[in-house]
Amino acid sequence: MIERTLVLLKPDAVERGISGRIIARFEDAGLKIVGMKMIWIDAEFSKRHYAEHVHKSFYPTLEAMITMGPVIALALEGVEAVALVRKMVGHTEPKTAAPGTIRGDFSHVSIHYADAKGIGVKNIIHASDSVINAKKEIELWFKNEELHTYKSVHDVHTIA
Ligand code: AMP
């Protein structure tokens with residue numbers, strides 16, 4: 001039941017200077033940061049991360065967006081963390097994302113608008129969508145020695 005999930009603060013979040021506020025939401029919820037680093041990925045790495053989207057029509061704009069600047073990658077751990085983090089992140093399309101979610105509170109554009117402009121949907125953040133994909137994505141983004149096991153107060157007060 002304790003799961004790990006991958007979160008990426010995309011270049012638009014990093015460039016807007018809202019990384020700390022987003023990370024604070026996960027810490028406030030009691031999720032444990034077990035890995036964190038800044039990395040500027042290239043097109044080849046983007047294709048590995050977004051393998052399931054490479055052949056889709058929107059992929060070129062997605063690749064341009066994820067490689068336009070550095071991202072902050074986080075591995076988060078907690079009780080059923082994959083579903084919890086997806087709930088906190090909100091709907092893929094910022095326009096549809098509910099207020100109170102990260103995308104709903106920090107972004108607003110529609111897919112229709114981004115498509116019409118020929119740009120990627122700037123939706124701030126990525127979160128693994130399943131336990132299986134979380135494992136694969138954490139393996140892609142982090143080396144074993146970059147992931148840490150330690151006790152947080154939540155191990156005593158939230159989880160126990
Ligand atoms: P996901 O794997 O669900 O995180 O999707 C990858 C990313 O692709 C999303 O976060 C969006 O940035 C982008 N994306 C997903 N669906 C569309 C779409 N229909 N049009 C444009 N971009 C999309």
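The values are calculated or read from the model by the stated rules, or taken from the named source; none is laboratory data. A quick note: this is a predicted structure, and the numbers were derived from the prediction, not measured. Here Cβ is always computed from backbone atoms with ideal geometry, including for glycine, and neighbour counts include all displayed protein chains.
List of remarks:
- Pairs, first at negative phi in region 52-74, second of a type in the set (Ser, Thr, Tyr) and outside any loop (DSSP other than H, G, I, E, B), C-beta under 7 Å, six or more apart: His53/Tyr59; Glu63/Ser46; Ile66/Ser46; Thr67/Ser46; Ile72/Ser19
- Condition met for Phe58 (aromatic (Phe, Trp, Tyr), out of contact with any helix residue (DSSP H, G or I) (no Cβ under 6 Å at 6 or more places or on another chain) and at pLDDT below 95): yes
- Within region 107-125, residues that are touching a residue at least 40 places away in the same chain (Cβ under 8 Å) sit with their Cβ atoms under 6 Å from residues that are aromatic (Phe, Trp, Tyr) and more than 9 Å from the ligand (Cβ to nearest atom), at 6+ positions apart or across chains, in these pairs: Ile124/Phe106.
- Test: residue in region 73-83 that is touching a strand residue (DSSP E or B) at 6+ places or on another chain (Cβ under 7 Å), buried (at least 21 other Cβ atoms within 10 Å of the Cβ) and assigned to a helix (DSSP H, G or I): yes
- Test result for Lys95, loosely packed, with under 15 Cβ neighbours inside 10 Å, out of contact with any Phe, Trp or Tyr (no Cβ under 7 Å at 6 or more places or on another chain) and part of a loop (DSSP other than H, G, I, E, B): no
- For Ser130, the test of being loosely packed, with under 15 Cβ neighbours inside 10 Å and under 17 Å from Ala81 (Cα atoms) is passed.
- Test for Thr149: is it hydroxyl-bearing (Ser, Thr, Tyr), outside any helix (DSSP H, G or I) and either at pLDDT below 95 or within 13 Å of the ligand (Cβ to nearest atom) (or both): no
- Looking across region 115-134 at every residue that is at pLDDT 95 or above and not in a loop (DSSP other than H, G, I, E, B), the one that is nearest to the ligand (Cβ to nearest atom) is identified as His126.
Results for (1) in a helix (DSSP H, G or I); (2) within 19 Å of Lys136 (Cα to Cα), shown as yes or no for each residue.
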position	(1), (2)
Val34	no, yes
Arg48	yes, yes
Met65	yes, no
Met68	no, no
